[in-house]
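Enquirer: Let me begin by handing over the structure; questions about it come next.
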Amino acid sequence: MLILYTKDNCQYCEKVKKAFLEGSVVYEERNIKNPDYLKEVQAHQARTMPFLVDTSANTVVRESDDIIDYASEYSF
């Protein structure tokens, strides 16, 4: 399962979400304005958004371009 942590007014978050939409990537978005999601992402020591967690591969990806690349290589 892909979990994409985002925040409001984030151009990089929008870039990733647009690429995911175009690539029909199935994911769950968690906006860190929700305090529970903020705590989750802080547990991963993420300091910037977007932040991707692949729960099935136990992998995290931190940069928007890397997130897009990772999702394009992921077998859905």
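A short reminder: the numbers here are calculations on the coordinates, not readings from a lab. Everything quoted here is computed from the prediction, not taken from an experiment. In this analysis, Cβ positions are derived from the backbone assuming ideal geometry, glycine residues included, and neighbour counts consider all displayed protein chains.
Enquirer: Identify all aspartates and glutamates with a Cα-Cα distance to K18 below 19 Å; exclude those on the same chain that are fewer than 8 residues away in sequence.
Expert: Result set, ordered by chain and number: D8, E28, E29, D54, E63, D65, D66, D69, E73.
Enquirer: So, with +1 on the Cβ of K and R and -1 on the Cβ of D and E, and no other charges, what is the size of the charge dipole of the chain about its Cα centre, to the nearest 20 debye?
Expert: The dipole magnitude comes to about 300 debye.
Enquirer: Determine the dipole magnitude for the range 1-43: charges of +1 sit on the beta-carbon of Lys and Arg, -1 on that of Asp and Glu, nothing else is charged, the reference point is the Cα centre, and the result goes in debye to the nearest 20.
Expert: The calculation lands at about 120 debye.
Enquirer: Antiparallel DSSP bridges in the chain: what percent, to the nearest 5?
Expert: Taking every DSSP beta bridge with both residues in the chain, the antiparallel ones total about 65 percent.
Enquirer: Suppose a student asked you for the relative contact order of the chain, using Cα pairs under 8 Å spaced at least 6 residues apart; what percent would you report?
Expert: Reported as a whole number, the value is 40 percent.
Enquirer: Placing +1 on the Cβ of each Lys and Arg and -1 on the Cβ of each Asp and Glu in the range 2-73, which of I3, V16, Q42 has its Cα farthest towards the positive end of the resulting dipole?
Expert: Q42
Enquirer: For the chain, compute Rg over Rh where Rg is the Cα radius of gyration and Rh is the Kirkwood radius from the inverse mean 1/r over Cα pairs.
Expert: In the chain, Rg relative to Rh is 0.92.
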